[in-house]
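Nothing in this text is a laboratory measurement; each read-out follows from the coordinates by a stated rule. Nothing here was measured: the structure is a model prediction, and the numbers come from that model. With ideal geometry, Cβ positions are generated from the backbone for all residues, glycine too; neighbour counts draw on all protein chains shown.
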Amino acid sequence: MTASTLTNEDFDRLLEAAKGALANAHSPYSGLRVGAALLAEDGSVHAGCNVESASYGLTICAERSAVFRAVTDGVRGFRAVLITTDRDGALMPCGACRQVLHEHAPELEVIAIGADGERVDTTIAALLPEAIGEADIKGEA
């Protein structure tokens, strides 16, 4: 576990945005609702929620939804992601989300908070050590 470097104001903004996204989650199959919010280096916040499909492979997680929304808005470079859910216990990003988060912010701070208040602070590097990235694909690593 890592201690958060966020200010109280940044944390509150992320939590509010993640909870707002959580309220919009579409999870008719699993019943698991997730909201995520990214804090960009420019201070902007970008939220996303999970959206399920009957064809599970087409489902999008909240973390990737937030990244894709930010990138669509032209934002690059992120400091932190906060993930919240409507179930007890902190929920860590899945493997696909870890990869996408790492590619967009290899130094990203990750905060996960469950409905019961359980909180885990870590980094994307700790969650996905030795991740493959752009340099590996281009043969520069």
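Of all DSSP bridge pairs formed entirely within the range 8-137, close to 75 percent run antiparallel. The helix-based estimate of mean residue ellipticity at 222 nm for the chain, built from -39,500 (n - 2.57) per DSSP H run of four or more residues and divided by its residue count, is -8500 deg cm²/dmol to the nearest 500.
Peptides 125-138, 96-109 ranked from most to least packed give 96-109, 125-138, packing being the mean of other C-beta atoms within 10 angstrom over each peptide's residues. Name the most mobile residue of Leu58, Leu14, Leu91, meaning the one with the largest mean-square fluctuation, in a Gaussian network model of the chain with Cα contacts below 10 Å. Highest fluctuation of the listed residues: Leu58.
Comparing Cα centroids, the range 80-119 and the range 31-66 end up 10 angstrom apart. Within the chain, the ratio Rg/Rh, alpha carbon atoms throughout and Rh by Kirkwood, equals 0.96. Comparing the range 66-136 with the 2.2 N^0.38 Å rule of thumb, its C-alpha radius of gyration ratio is 1.13 (two decimals).
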